[in-house]
């Protein structure tokens, strides 16, 4: 332990003495667990100690680089003392050293993995709290701007300003909602779906009309039957449609309309959204549903600047999957880019 501590101080000069002292007991427990693993093969015990040491490092301000350096210091200290010992035969010593190195490698891998899990969980929790806390003041802005827009005594110039405030606030709300859904998914709680019997076509028309109003210079062509009864979450499906049609408007060529087709069989629903903008390269179609990936092919494209976090398609896919469906994309020069959602008309027990 003394050799480990001295070597660790050399390679980690920025760590405070208080943090070093706090970690010493955890390090000693880890060393004892490593010795037990060599003696009796107690890999689970060593793994728990390695994970506990990772948590202690995180709480003490150690970075993951410092954590790896700790194991480097441990290996250096033990092997330095071991090489000076004369009571073992060379063959036994070589075998034991190999087993020790394997045990240290396993412990370091488990410790690093636990450290990263803790960091990811803390980051996701922070984002979830941030998104939740931003909702209330943003709701006040939306309500206030809406009130000003409907004030008949307000000057036309002020109504225009209120309208811009309202549009910007609604865009911010969409970003925050996507962020909260993203963190819910990564915190393990999943995206909640509250399904009920309803008319899917009515939801489609609602979203299309909202986007037509927001993009008055663009045309969204909806082809759908008069009515389509299904079991689904109307708010979540509206979120999917808004993301898909919004992306089509943003990245599509303004000369061509965005086309939306809705159809169904007795047990399946199909929704397609098509635009005639630049083609998505084949090597990127498999990645665009990943988080933090944008549709724009490069900074010099003709698309307007992206106005999302790059998680809209990811959230859309998770919502569709929560409904028991799938979403895919086909992009070619002949037909443009088409996103297609297929899902069951009934959720088969998936009501929450």
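Would you mention how many residues in region 123-155 are more than 26 Å from residue 180 (Cβ to Cβ) and at pLDDT 80 or above? I'd like the intermediate steps shown before the answer.
So in region 123-155, the residues more than 26 Å from residue 180 (Cβ to Cβ) come out as 148-155.
Filter again for at pLDDT 80 or above, leaving 148-151, 153-155.
Qualifying residue count for the region: 7.
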For this session: Name the strands (runs of 3 or more DSSP E) wholly inside region 211-280 in which the number of residues that are within 29 Å of the chain's Cα centre (by Cα) and either crowded, with 20+ Cβ neighbours inside 10 Å or not assigned by TED's automatic domain parsing to the domain that holds residue 165 (or both) is 2 or more.
Result: 229-232, 258-264, 268-275
For this session: From the list 324, 286, pick out the single residue that is in a loop (DSSP other than H, G, I, E, B), farther than 19 Å from residue 177 by Cβ and at pLDDT 90 or above.
Result: 324
Exercise. Could you say whether any residue in region 59-71 is loosely packed, with under 14 Cβ neighbours inside 10 Å, modelled with pLDDT of 75 or more and within 28 Å of the chain's Cα centre (by Cα)?
Worked result: yes
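The values are calculated or read from the model by the stated rules, or taken from the named source; none is laboratory data. As the structure is a prediction and not an experimental result, all values here were calculated from the model. All Cβ positions, even for glycine, are placed from backbone atoms using ideal geometry, and neighbour counts span all protein chains on display.
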